[in-house]
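The values are calculated or read from the model by the stated rules, or taken from the named source; none is laboratory data. Note that the structure is predicted; figures quoted are calculated from it, not measured. Here Cβ is always computed from backbone atoms with ideal geometry, including for glycine, and neighbour counts include all displayed protein chains.
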Amino acid sequence: MSLQQFNLIILLSLFSLNIFAAPKIFLFNVPLKSIPAKMQGNKMLLVSIPKAAPGFDTSALIYTNDGYEIKQHDDVQWVDTPARMLLPLLVHYLETSGKFKAVLSAATAPIACELRLDTEILRLQQEFFTEPSQVRLVLRAQLFDMTSRQVKATQVFEIIENAVSKDAEGSIFATNEAIGILLNKMVKFVVNQL
């Protein structure tokens with residue numbers, strides 16, 4: 001057997017073990033509600049591009065065993081960073097309230113609005129501290145009145161969801177549940193400030 005044939009056999013063996021397999025790619029999958037045909041509000045809301053705390057601005061699925069060291073699930077990732085995936089969902093859910101003249105995304109329409117919503121993901125990780133493991137989502141939100149140039153309200157949301165399994169897929173399912181809960185809480189938070 002030649003060296004070239006031997007190398008080919010090794011390479012084929014590695015492929016069969018999925019060492020070179022492409023990662024599985026997931027996205028946030030939450031129910032989308034219908035938007036009212038006519039908006040009832042008189043203010044426009046601009047939703048800023050969400051930020052993420054250091055270590056969490058990644059498309060990797062993060063987990064921790066001890067609360068200090070963050071690790072990444074192998075061969076699985078989000079289609080984009082969670083912060084970027086959150087923006088269109090925030091805009092959509094806030095639109096469904098019908099309480100604004102318009103809800104705009106800073107990614108597509110950086111225009112003057114009466115209100116601006118800034119958000120930051122402080123934590124989004126699977127935690128193996130309990131049985132079953134849990135996904136912890138912590139998000140800080142600030143609503144600004146752009147006319148008076150003042151902060152109207154600030155709130156930190158913390159959602160914890162049990163994972164259905166210890167693997168990355170369990171984390172993804174729990175994360176989607178947490179995102180759905182967060183979006184509904186965000187709508188209530190913003191609408192209550194009007």
- Task: Determine which single condition Ala83 fails, assuming it passes every other condition in (1) under 16 Å from Phe28 (Cβ atoms); (2) touching a residue at least 40 places away in the same chain (Cβ under 8 Å); (3) touching a Lys or Arg at 6+ places or on another chain (Cβ under 9 Å).
- Result: (2)
- Item | Test: Ser148 is within 13 Å of the chain's Cα centre (by Cα) and among the polar types (S, T, N, Q) | no
- Message: Testing Val164 on (1) in contact with a Gly (Cβ under 8 Å, 6 or more places away or on another chain); (2) under 20 Å from Ala52 (Cα atoms); (3) free of Cβ contacts under 8 Å to residues at least 40 places away in the same chain, one condition comes back false. Which one is that?
- Response: (2)
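So, of the residues in the stretch 90-112 that are surrounded by fewer than 18 Cβ atoms within 10 Å (Cβ to Cβ) and of a type in the set (Ser, Thr, Tyr), which turns out to be nearest to Leu143 (Cα to Cα)?
Going residue by residue through the stretch 90-112, those that are surrounded by fewer than 18 Cβ atoms within 10 Å (Cβ to Cβ) are 92, 96, 98, 101-102, 105, 107-112.
Adding the requirement that they be of a type in the set (Ser, Thr, Tyr) leaves 96, 105, 108.
Working: Thr96: 18, Ser105: 14, Thr108: 19 Å.
Per the criteria, the residue is Ser105.
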- Take the residues in the stretch 15-71 that are modelled with pLDDT under 90 and aliphatic (A, V, I, L, M), then tell me which one is farthest from Leu87 (Cα to Cα). Leu17
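Which ranges mark the strands (runs of 3 or more DSSP E) fully within the stretch 77-194 that have 3 or more residues being closer than 18 Å to Ala60 by Cβ and of a type outside the set (Lys, Arg)? It would help to see each step written out before you state the result.
Values: elements: 102-105, 115-127, 134-145, 150-162.
The qualifying strands (runs of 3 or more DSSP E) are 115-127, 134-145.
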- Of all the residues that make up the stretch 52-79, how many are farther than 22 Å from Val156 by Cβ, of a type in the set (A, V, I, L, M, F, W, C) and surrounded by 13 or more Cβ atoms within 10 Å (Cβ to Cβ)? 4
- Message: Would you confirm whether or not the stretch 113-128 contains a residue that is free of Cβ contacts under 8 Å to residues at least 60 places away in the same chain and surrounded by 14 or more Cβ atoms within 10 Å (Cβ to Cβ)?
- Response: no
- Item | Residue list for the stretch 152-194, restricted to those being within 18 Å of Thr130 (Cα to Cα) and of a type in the set (Lys, Arg) | Lys166
